Amino acid sequence: MTEQLELNINAYLPLRDVVFHTLREAILKGELKPGERLMELQLAAKLGVSRTPVREAIRMLEQEGLAVTVPRKGAEVARMTEKDMEDVLQIRRALDELAVGLACDNMTEDKLAKLYEALVCFEESTRTGDVKSIAQTDMEFHEVIYQAADNPKLVNLLNNLREQMYRYRVEYLKNDDVYPALIEEHQKIYEGLKRKDKETVVKIVGNHVVNQEIMVKNIIHGQE
């Protein structure tokens, strides 16, 4: 187990959430490797907490697809598999296409201005080299579209899926060669929504997800 693991203290969060965010970041950074055991006692001792918040944090990691419980073995860091990634992106593509179509119908000048602001923030973040920040601003761009769809049940589904997508998104964004294409795709999505060209913007969003799938497949194959 990595020696670098330290609890990220936040006085405003329950202890289980603090443990969860600490473990989540360690997995996404690769400090906790795919297939590595997540032993409650060892993690509790290392983080200076009891077993209960560790157990709860591991359950939260399982909900995100970052951990799995193996019979007679216990919890471990989930491996990135092509099938898992395809399953998640297949659903994301369908929901994103639905969301952007609804957003096209409901788009206002105010929402469009927020989308443009998110577009600029993402482009600026790609110059920082901070993958976590880039992933966050990428999510925020799509979040504006989800909110513009004006369907709370759809937003809940997308938020749940977003958590499962996060690991793949981070891996994808570690390659700065993809940034120009992503910026261009975001620009096309914005322009399509501005024109209220539903057919075109739905197609662009579908291709946006497919391009991500291709890149992540290459990453997974490279780890085999």
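Got the relative contact order for the range 1-95 handy, in percent, Cα pairs under 8 Å and 6 or more residues apart?
Details: 101 pairs, mean separation 26.0, N = 95.
For the range 1-95, the relative contact order is 27 percent.
Taking all protein chains together, Tyr12, Tyr190 sort by accessible area into Tyr12, Tyr190, largest first [probe 1.4 Å]. Converting phi to 3J(HN,Hα) with the Karplus coefficients 6.51, -1.76 and 1.60 and the offset θ = phi - 60°, the range 160-165 yields 5, 5, 4, 4, 5, 7 Hz in sequence order, with x at every glycine or proline. Using Cβ point charges alone (K and R +1, D and E -1), the dipole size of the range 1-112 about the Cα centre works out to roughly 680 debye.
Calculate, for the chain, the solvent-accessible area per residue in square angstrom, rolling a 1.4 angstrom probe over the heavy atoms of the protein chains. It would help to have the intermediate numbers written out before the result.
Working: 11810 Å² over 224 residues.
Roughly 53 Å² per residue, with all protein chains present.
Spin-label model, Thr128/Glu82: points 7 Å from Cα along the beta carbon direction are separated by 3.5 nm.
Taking 7 Å steps out from each Cα toward its Cβ at Glu199 and Ile219 produces label points 3.5 nm apart. Across the options Ile220, Ala113, Leu41, the greatest Cα extent toward the positive end of the charge dipole of the chain (unit charges at beta carbon of Lys, Arg, Asp, Glu) belongs to Leu41.
The C-alpha atoms of the chain define a longest principal axis, and helix 82-106 lies at about 40 degrees to it. Show me, bin by bin at 5 Å from 0, the whole-percent P(r) of the range 106-209 based on Cα pairs. Calculated P(r), rounded to whole percents: 2, 12, 22, 25, 22, 12, 4. Building the convex hull from the alpha-carbon atoms of the chain and averaging its projection over directions returns 13.1 nm².
Note the angle between two axes, namely the Cα long axis of helix 109-125 and the longest principal axis of the Cα atoms of the chain, as a number of degrees from 0 to 90, rounded to the nearest 10. For helix 109-125, the angle is close to 50 degrees. Put +1 on the Cβ of every Lys and Arg and -1 on every Asp and Glu Cβ in the chain; which of Val201, Ser125, Ala26 then has its Cα farthest towards the positive end of the dipole? Farthest towards the positive pole: Ala26. By the rule of a C-alpha distance below 27 Å, with chain neighbours fewer than 8 residues away ignored, the lysines paired with Lys33 are Lys46, Lys73, Lys83, Lys132, Lys174, Lys217. A simple spin-label model places the labels of Asn160 and Glu62 1.7 nm from each other, with each point 7 Å out along Cα-to-Cβ. Remark: relative contact order (the chain) = 21 percent; criterion is Cα-Cα distance under 8 angstrom and separation of 6 or more residues. Quick one: angle between helix 179-195 and the longest Cα principal axis of the chain, in degrees between 0 and 90, rounded to 10, please. Value to nearest ten degrees: 50.
Helical runs (DSSP H, four residues minimum) scored at -39500 (n - 2.57) apiece and divided by the length of the chain put the mean residue ellipticity at 222 nm at -24000 deg cm²/dmol. What part of the accessible area of the range 100-141, given as a whole %, is carbon or sulfur when the probe is 1.4 angstrom? The nonpolar share, carbon plus sulfur, comes to 49 percent.
The values are calculated or read from the model by the stated rules, or taken from the named source; none is laboratory data. Predicted model, so just to flag it, every value in this text is computed and none were measured. Here Cβ is always computed from backbone atoms with ideal geometry, including for glycine, and neighbour counts include all displayed protein chains. Surface areas here come from the heavy atoms of the whole protein model, side chains and all, with no ligands, DNA or RNA. Shrake-Rupley method; radii C 1.70, N 1.55, O 1.52, S 1.80 Å.
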